[in-house]
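What follows is one structure encoded as structure tokens, with my remarks underneath.
The values are calculated or read from the model by the stated rules, or taken from the named source; none is laboratory data. Quick caveat, the model's predicted, so the values are computed rather than measured. Don't worry about glycine lacking a Cβ; one is built from the backbone with ideal geometry, like all the others, and counts go over all protein chains shown. Each accessible area value is taken on the protein alone, full model and side chains, heavy atoms only, with ligands, DNA and RNA left out. Shrake-Rupley method; radii C 1.70, N 1.55, O 1.52, S 1.80 Å.
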Amino acid sequence: VCVVEKVKLKNTKELKADLVIKAVGVHPRSSVYYSVPGLDLDASGRILVDKSMASNVPGIWAAGDIANFPLTTYGNQRVSIGHWGVAMYLGKVAALSIMGRTVEAVTVPFYWTVQCGYSIRFAGHPDGFDDIVLRHQKEERKICAFYCLDDLVLAVATLNRDPVAAQFANLRRSGHQLRKADALSWAESF
């Protein structure tokens, strides 16, 4: 157990700290397939796959952290999602494809946690957002944050408003979008 009382910044300023969280990141062990002739990889060493998790090399599929796949719900933007829920789903898509029952991955990134009794949810892919629309109900300790690009909502983060994030994921998965101007009133219906 390490007790932290303060944090010293690069500029030598010191901040009092009751709690410090160190995020170390995740890097997939990808060297095992570097020697596969002709296998397409992205710049970080992840395997490029199609919507069914098939690589460009016949007989090789990838899912989870080592896959770089087209996110159909966001205009086929290529992504790698390091969350176990997405990995399980992509694994199912890959397994069905391997068995000859080819399906396409249609997913919306979704993350959740409960910290100190507070439920935190995040749905979507906010790549390139230019604004955040915020609804803060301080007395109820509830927050909805809508990450927007131009007039569309790309992602939603919530604190103690679980249905909002889940409904946003369902909305995007079904091919619909949420307008920035409608975000706050839409969230109130859940």
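Within the bounds of the stretch 162-178, is there any residue that is among the basic types (Lys, Arg) and either more than 19 Å from the chain's Cα centre (by Cα) or more than 17 Å from GLY75 (Cβ to Cβ) (or both)?
Among the residues of the stretch 162-178, not one is among the basic types (Lys, Arg) and either more than 19 Å from the chain's Cα centre (by Cα) or more than 17 Å from GLY75 (Cβ to Cβ) (or both), which makes the answer no.
Can you name every residue in the stretch 86-133 that is among the aliphatic types (A, V, I, L, M), part of a strand (DSSP E or B) and surrounded by 12 or more Cβ atoms within 10 Å (Cβ to Cβ)?
ILE120, ALA123, ILE132, VAL133
With respect to VAL153, is the statement that it is hydrophobic (A, V, I, L, M, F, W, C) and either more than 17 Å from THR73 (Cβ to Cβ) or open to solvent by 40 Å² or more (accessible area, probe 1.4 Å) (or both) true?
no
Please tell me if HIS136 is of a type outside the set (Phe, Trp, Tyr), open to solvent by 50 Å² or more (accessible area, probe 1.4 Å) and part of a strand (DSSP E or B).
In short, yes.
Taking the stretch 168-190 as the region of interest, how many residues are in a helix (DSSP H, G or I), without any contact (Cβ under 8 Å) to a residue 24 or more places away in the chain, within 19 Å of HIS136 (Cβ to Cβ) and not hydroxyl-bearing (Ser, Thr, Tyr)?
Residues flagged as in a helix (DSSP H, G or I), without any contact (Cβ under 8 Å) to a residue 24 or more places away in the chain, within 19 Å of HIS136 (Cβ to Cβ) and not hydroxyl-bearing (Ser, Thr, Tyr) within the stretch 168-190 amount to 2.
If you go through the stretch 52-85, how many residues are out of contact with any Lys or Arg (no Cβ under 7 Å at 6 or more places or on another chain), under 21 Å from ARG29 (Cα atoms), part of a helix (DSSP H, G or I) and open to solvent by 20 Å² or more (accessible area, probe 1.4 Å)?
Total satisfying the criteria: 3.
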